[in-house]
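Heads up: the structure comes next, in structure tokens.
The values are calculated or read from the model by the stated rules, or taken from the named source; none is laboratory data. Quantities reported herein were computed from a predicted structural model and do not represent experimental measurements. Counting neighbours? That spans all protein chains shown, and the Cβs are built from the backbone with ideal geometry, glycine included.
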Amino acid sequence: MANNQLDFVFPDKQGFAELIHSLRHGFSIRQSPAAVYYRTFYDTVDWLLRTAGSALELHDDGQSQKLYWRANKDAPLRIQLGLKQVPQLAKQLPAGEFRQQLASVISVRELNPRIQIKVKRIPLAVLNKNEKVVVRINLDENWFYPVKTRAGMLLGKRICVKAVKGYDEAFDQVEAFFHEMDLRPSQDNMMKLALAESKSSTIEYSTKLKLLLDPEMPAEEALKAILLRLLEIMEQNTAGAIKGTDIEFMHDYRVSIRKTRSALTLIKRVFPKKTVKKYSKFFSGLGKLTNPVRDMDVFLLKLESYAEKLGKSKQEQLQPLRQYLQDNRDKAQQAYVDTVTSAEYRQVLKGWRDYLESTDPIEPPQKNSRKPVSQLANELIWSTYQVALKEGNAITDETEAEALHELRKTCKKLRYLMEFFQSLYPAKKILELINALKGLQDNLGDFNDYHVHMDILKGFNEAGTDEAAIKVSTKMISRLDKKQHATRNSFAERFRAFSSQENQNEFRELFVVSNDG
Amino acid sequence: MKIIAIYNIKGGVGKTASAVNLSYLASLDGARTLIWDLDPQGAASYYFRIKAKVKGGGQKLVEGHNELDAAIKGTDYENLDLLPADFSYRNMDLILDNVKKPTKRLNRLLEPLAEEYDFIFLDCPPSISSASESVFAAADMLLIPTIPTTLSLRTYKQILKFFKQQKYDAMKILPFFAMVDRRKQLHRLIVDNPPSFMPVKLDSSIPYASEIERMGVNRAPVGDFAANSRAAQCYKSMWEELKSLMFEA
Ligand SMILES: Nc1ncnc2c1ncn2[C@@H]1O[C@H](COP(=O)(O)OP(=O)(O)O)[C@@H](O)[C@H]1O
Ligand SMILES: [Mg+2]
């Protein structure tokens, strides 16, 4: 017996009564009362579990709840015992294999119920002459219930034949019976079918720009399209950012704010000056407001991985620092929540949306308003690239940190521009250049992060009173300082790779239109 | 995988009844559960309507590679399998004595099942021997059903002493009161004032109950045919207590 379970598709329109009847002809069958249970599939907003082939499934039959976990598509579905409830975040789990596996897939993201299936089951058992169960047969009706709604739709009927260990002969007989019935073996999983039915899956959550721009499109239309998409991403992440459990929502929210502001100020002379001024001020205010939230989130996370390397007693010494960070975060988070829930915020965003959705041409047009977007994109990317090269080339081992921060900002601008206009260029080529830029940005980003983290710790030391915690914090500062130096030392090499002749040629080829061509 | 042994030198104290009912409750939780009927008398096998026979006997089981798995039978309950008893188990000492390190042997025998089961319950025969010693070594928990009588308490003391002498981890030992009959004065006295050499024990106990006796007629765990009985409830709270000990440590 190779298999210990067989699944068949049963026609939706047929009832099970006739099947049970004919089973009784060949076998001694015990039928238990029909039972109902719910399968709820948990996932992150961006379907990290499903994408990884993992699954976290809660079964609830009204009496008890069972949580099942599959680490990847080749792993078996395994029950997780001893859990009182489904965790929202991986870190809420006790340390162990399950937590480790879950965290490796969802990282810091939050789990929520995404799909619910109701199963109506008629359990049958095939008995031998001692009235011992030798095969189990489940007759299942699977219903899809979008989470929180009451109307279901039938996904399909299935028959599941399960072997009972050590009774192979009986299983073979039941298998033969079902083969004779000419039922189609079922391979599909109900979760996939449910997902296809689910209307919610059509409004996919995504933080990617996914813009398709027409090269001939006037710049003003393109800019509106870019900004509208960014507004969408911002709005998709607002509820999560307000809730604050899953820190990725705030992160994505902030990225879209930063990109909005960059698009406004970098893609110059398309919108009227006063529009640019008004909204870039608004978005930069939001950015500043949320800076400390993100900084503390990132640092708290770092602190956890740092603390894991310490002994128990040292870990306790970190508690005042942790508390300090948490307090600062909570304060900043509250200020953010107050702002986004205000009437004023809503009003500005509505005005912004109205402006972006209006199809009226800008009057009077600014210098670049009607320029074809591809031409403007070339000019902007090329000139920003030139600035990056110039700034980078001026940096030597002796240069002040300030210059690296400037270059980091320029690179970020360049990166955003390349992403905004990505669809105007051959996909593979632009991606290669984005990746080359990424290599440099990682180095500059790390350098900056160390700086921010040292600043936070210095702030703690100045405000703090706990001797032991300050000692640990001071030690961390010197560690970070060393790391920052190492990062600084590898800058030259990273920059050399980025500014290689080969890359320069590629940039030229892509973004400089030769006059004779 | 957690190995839970139900053990006592004495017979007739409710070992098998406990092993059968607790393993049933584990399987109801969805845990993949195995109960190994180590008593040649085969009471646990009988309760699950499975013949107390293993091809090749105990000798074959300890020698082979895959013999254990091949001998396992599914019970009437989903997630609950049974490794049947065999009359040859009465010689388990001799069988185990033939292999190197008999105390480690059981551990190694059960190792391949770690991927397949969340819990293995060992329903032990009433004796003390090298076979019991390999159970002591392998088990994560050793449940000792103890009837609240003077003699039973004395037996418990002996087990404890033996454990300490042989340097087994005495922390594994968890006694509980079984077949408690509160109509009897002595039972009441002992249960309400457990002796000082029993500082750690399960809070839950199992009463003397006719439903448990009826398991032999129904050939099923009490939870199956008398789910609302006091006896079934008591096993249930004992299982909850065991889980909290295992998972909330
Ligand atoms: N709590 C109880 N109440 C009443 N009868 C019990 C109880 N526990 C066990 N019995 C009965 O006592 C006898 C011995 O129990 P058993 O579980 O087989 O003990 P052991 O395995 O320790 O020898 C069996 O007939 C069983 O039905
Ligand atoms: Mg017994």
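I'm checking my understanding of the structure. Among residues of the stretch A:175-187 that are within 44 Å of the chain's Cα centre (by Cα) and in contact (Cβ under 8 Å) with a residue 12 or more places away in the chain, which one is farthest from the other protein chains (Cβ to nearest Cβ)? My answer is A:Arg184. Of the residues making up the stretch B:177-208, those that are in contact with a Ser or Thr (Cβ under 7 Å, 6 or more places away or on another chain) and free of Cβ contacts under 8 Å to residues at least 60 places away in the same chain number 5.
Conditions (1) at pLDDT below 90; (2) in a helix (DSSP H, G or I); (3) more than 10 Å from every other protein chain (Cβ to nearest Cβ); (4) crowded, with 17+ Cβ neighbours inside 10 Å, marked per residue:
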{"position": "A:Arg50", "(1), (2), (3), (4)": "no, yes, yes, yes"}
{"position": "A:Leu58", "(1), (2), (3), (4)": "no, no, yes, yes"}
{"position": "A:Lys66", "(1), (2), (3), (4)": "no, no, no, yes"}
{"position": "A:Asn72", "(1), (2), (3), (4)": "no, no, yes, no"}
{"position": "A:Gln85", "(1), (2), (3), (4)": "yes, no, yes, no"}
{"position": "A:Lys91", "(1), (2), (3), (4)": "no, yes, yes, no"}
{"position": "A:Pro94", "(1), (2), (3), (4)": "yes, no, no, no"}
{"position": "A:Gln100", "(1), (2), (3), (4)": "no, yes, yes, no"}
{"position": "A:Ser104", "(1), (2), (3), (4)": "no, yes, yes, no"}
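Residues in the stretch B:215-249 that are away from chain A (no Cβ under 14 Å), of a type outside the set (Ser, Thr, Tyr), more than 19 Å from the chain's Cα centre (by Cα) and surrounded by fewer than 19 Cβ atoms within 10 Å (Cβ to Cβ): B:Arg230 only. Scanning the stretch B:160-181 for residues that are in a helix (DSSP H, G or I) and among the polar types (S, T, N, Q) gives a single hit, B:Gln165. Within the stretch A:58-76, residues that are farther than 20 Å from A:Leu93 by Cβ reach partners that are surrounded by fewer than 17 Cβ atoms within 10 Å (Cβ to Cβ) with beta carbons closer than 6 Å, at six or more positions or on different chains, in the pairs A:Lys73/A:Gly53. When B:Ile35, B:Ile9 are checked against the criterion of being surrounded by fewer than 24 Cβ atoms within 10 Å (Cβ to Cβ), within 16 Å of ligand 1 (Cβ to nearest atom) and among the aliphatic types (A, V, I, L, M), a single residue qualifies: B:Ile9. How about the stretch B:38-81: which of its residues are within 16 Å of ligand 1 (Cβ to nearest atom) and more than 15 Å from B:Arg219 (Cα to Cα)? Passing the criteria: B:Leu38, B:Asp39, B:Pro40, B:Gln41. Here the helices (runs of 4 or more DSSP H) wholly within the stretch B:182-249 that include at least 3 residues being more than 24 Å from B:Tyr156 (Cα to Cα) are B:210-218, B:222-225, B:230-247. Only residues that are surrounded by 12 or more Cβ atoms within 10 Å (Cβ to Cβ) and closer than 18 Å to A:Phe10 by Cβ were counted across the stretch A:182-191, and they come to 4. Every test in (1) away from chain A (no Cβ under 14 Å); (2) over 25 Å from B:Gly14 (Cβ atoms); (3) over 19 Å from the mean Cα position of the chain (by Cα) is passed by B:Leu151 save one, and that test is (2). Of all the residues in the stretch A:472-501, those that are modelled with pLDDT of 90 or more and over 25 Å from A:Ala403 (Cβ atoms) number 1. Looking only at residues of the stretch B:112-125 that are crowded, with 18+ Cβ neighbours inside 10 Å and in a loop (DSSP other than H, G, I, E, B), we find that the one that is farthest from ligand 1 (Cβ to nearest atom) is B:Asp118.
What are the residues in the stretch B:9-37 that are part of a loop (DSSP other than H, G, I, E, B) and near ligand 2 (Cβ under 9 Å from one of its atoms), if any? Matches in the stretch B:9-37: B:Gly11, B:Gly12, B:Val13, B:Gly14.
Within the stretch B:126-146, can you find the residues that are part of a loop (DSSP other than H, G, I, E, B) and surrounded by 23 or more Cβ atoms within 10 Å (Cβ to Cβ)?
The answer is B:Ala139, and nothing else.
Report, by residue number, each residue of the stretch B:38-67 that is more than 16 Å from ligand 2 (Cβ to nearest atom) and within 12 Å of chain A (Cβ to nearest Cβ). Scanning the stretch B:38-67 gives B:Arg49, B:Lys51, B:Lys53, B:Val54, B:Lys55.
Would you check if there is a residue in the stretch A:163-174 being more than 30 Å from B:Gly74 (Cα to Cα) and more than 14 Å from chain B (Cβ to nearest Cβ)? For the stretch A:163-174, residues more than 30 Å from B:Gly74 (Cα to Cα) and more than 14 Å from chain B (Cβ to nearest Cβ): absent. May I ask you to list the residues in the stretch A:27-48 that are of a type in the set (A, V, I, L, M), under 23 Å from A:Phe177 (Cα atoms) and either outside the structural domain of A:Tyr145 (by TED's automatic domain parsing) or part of a strand (DSSP E or B) (or both)? Within the stretch A:27-48, A:Ile29 is the sole residue that qualifies.
Would it be correct to say that A:Glu363 is exposed (fewer than 13 other Cβ atoms within 10 Å of the Cβ) and touching a residue at least 60 places away in the same chain (Cβ under 8 Å)? In short, no.
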